[in-house]
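Okay, so here's the structure we're looking at.
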Amino acid sequence: MELWVLVVLPVVVLLVLVIWSYNRFVAQLASIDATWANIEGELQRRHDLVPNLVATVQGYATHERGVLDQVTTARAKAIDAVRPDVPIDQQARAEDALTQGLTSLLAVTESYPQLRSDAAFRDLQRQLVETEDRIAAARRLYNLEVAAYERRRRAVPSNLVAGAVGFTARRMFEIRDPAAEHAPHVPR
Amino acid sequence: MQILATTTGPGFGLVLVVVAAVLLVAWVLKERHRRRLQAALARFVDRHEGWHRQAWPCGVQPQLLVGRFASMPRGDRRYGVEHAVGGPLELEVDGRPTTCQVACFQWFHEQRRRSRNGRGATSTTYERRRELVVLCQLPLHTHRSVSIGPESILGRIGLTRGGEQLESDAFNRRFRVEGRDRELVVRLLDAQLQELLVTAYTGRSIEFSDDLLALAGQPSHQDPSLTGVVRAYPAIVQDLTRLVRGIPHSFWRAMRPSDQDAMPPHDPYDNWPGTPDHAPPHARPDTPPGPLPGPPGHTPWER
């Protein structure tokens, strides 16, 4: 075998591996961004449901001003946190505050049987639980993508490519799973 | 002439008698085993109200099952259902007792084997392979399929990982999950169900296809009071009950029919998936309540 082949062949193989590794990182980042967009879409849907829910509760539970204000404020903060410059942890905490507010709101409704039997309220509650189920699933998919990306970013030899190109760390999105708390109680 | 004399001598007659005796003993043993199996099936059926022998598990023809589930392959020649029994069983679906149609059976298929002898001539034989299955007709349609099966040896040591990867590494090492709808997969396999599968269902396969759930593989224990394949039936029914109970609420909620066709007038959760006497909305009209037509316990189908 000629000398130039012995020199060039390993370089070509190495180059192919680097390109392959780089492209996989790019694909993973695209996947992370897509799953994140999915989460944002579902969070947006939840934010949109809250005013209707508050208005419906307000019609029956006029004396629960404190809880209603808490939910409205938490929603405003959660919407404000949906900005690219807001760290993911901060956004997660804002969503947790909204979840907590909604949990309190739904707890309050237990004292109003007429409200509980209102078709509009029940429909909103069902929509809320379904949206929160989708948020939970989207969040897990996002975190799985991030975990796979981080595993490659730190493992040898792909960490060399990640370091050279500057692929930065991605944070997981950890929030409380509210669907279980907000689902209507099922009588046994 | 010498050969003729030898074959017609008293030795040949003795050989014939021995062969006949062996065949007779084999037939007697087979018949005894068959009768014991029938008795065991009858005893098992008697334990469950409304259960009976079935030709088609849950009223589904084997032609509609073959290839739809990885645990029910077509094979190279014949395939079919053996020793099928089934009937209504109360399962906990989405936290509520729900009566579902369940069937236990043995799926068989014949695999071709070609062998070559010393003179270069090839011969073909068919090996019959069997898989223990419990099939459940769910009170809803998933419209999508999810398959959870044992991971390959290479996958177990982390060399090749196919399918969906989930949070638990122990789960990923033991199971290969296939499903087109990733969201449905993560809704189904929450942390608790992953843990349950790792601890109690390793080596077995669980498949959802539309309204059917198939759990295949040998259970960890058997009922010694029964015979043959029926010894495993009580355990697989128990495993199915435990599995369905472990399926998370969010999965059932995702499967719930849309508002237009199923929303009851008062409580959206009151009438779904159904009380024990609530028939599933998709119950096949052609599923007879009693034993199904066809030869009992054995329905071979040829390609």
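The values are calculated or read from the model by the stated rules, or taken from the named source; none is laboratory data. Small disclaimer: the values here were computed from a predicted structure and weren't measured. All Cβ positions, glycine included, derive from the backbone under ideal geometry; neighbour counts span all protein chains shown. When the accessible area is computed, the model is the full protein with side chains, heavy atoms only, and any ligands, DNA or RNA have been set aside. Shrake-Rupley method; radii C 1.70, N 1.55, O 1.52, S 1.80 Å.
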* Structure fact -> Those residues of the range B:174-206 that are within 20 Å of the chain's Cα centre (by Cα) and either without any contact (Cβ under 8 Å) to a residue 24 or more places away in the chain or over 17 Å from B:Pro150 (Cβ atoms) (or both) come to a total of 0
* A:Asp85 loosely packed, with under 14 Cβ neighbours inside 10 Å, charged (D, E, K, R) and not in a helix (DSSP H, G or I) -> yes
* If you scan the range A:157-171, which residues turn out to be polar (S, T, N, Q) and in contact (Cβ under 8 Å) with a residue 12 or more places away in the chain? -> A:Ser158
* Inspect the range B:108-125 for any residue being modelled with pLDDT under 95, β-branched (Val, Ile, Thr) and within 23 Å of B:Leu240 (Cα to Cα) and give the result as yes or no. => no
* Asked: What is the number of the single condition among (1) modelled with pLDDT of 90 or more; (2) more than 14 Å from chain B (Cβ to nearest Cβ); (3) open to solvent by less than 20 Å² (accessible area, probe 1.4 Å) that A:Ile79 does not meet?
  -> (3)
* **Conditions (1) open to solvent by 60 Å² or more (accessible area, probe 1.4 Å); (2) without any contact (Cβ under 8 Å) to a residue 12 or more places away in the chain; (3) more than 10 Å from chain B (Cβ to nearest Cβ): number failed by A:Glu174** => (2)
* Asked: Which residue pairs have Cβ atoms closer than 7 Å, lie 6 or more positions apart in sequence or on different chains, and pair a first residue in the range A:108-133 that is in contact (Cβ under 8 Å) with a residue 60 or more places away in the chain and β-branched (Val, Ile, Thr) with a second residue that is outside any helix (DSSP H, G or I) and open to solvent by 50 Å² or more (accessible area, probe 1.4 Å)?
  -> none
* To do: Would you mind stating whether A:Gln114 is more than 14 Å from A:Val54 (Cβ to Cβ) and in a helix (DSSP H, G or I)?
  => yes
* Across the range A:143-160, what is the total count of residues that are within 8 Å of chain B (Cβ to nearest Cβ) and of a type in the set (S, T, N, Q)? -> 1
* Asked: Within the range A:1-60, restricting attention to residues that are of a type in the set (Lys, Arg) and open to solvent by 80 Å² or more (accessible area, probe 1.4 Å), which residue is nearest to A:Gln125 (Cα to Cα)?
  -> A:Arg45
* **Residue that is least open to solvent (accessible area, probe 1.4 Å) [pool: residues in the range A:123-142 that are among the basic types (Lys, Arg) and more than 7 Å from chain B (Cβ to nearest Cβ)]** => A:Arg139
* **Residue under evaluation B:Leu138, criteria (1) crowded, with 18+ Cβ neighbours inside 10 Å; (2) in contact with a Gly (Cβ under 7 Å, 6 or more places away or on another chain); (3) of a type outside the set (Asp, Glu), criterion not met** => (2)
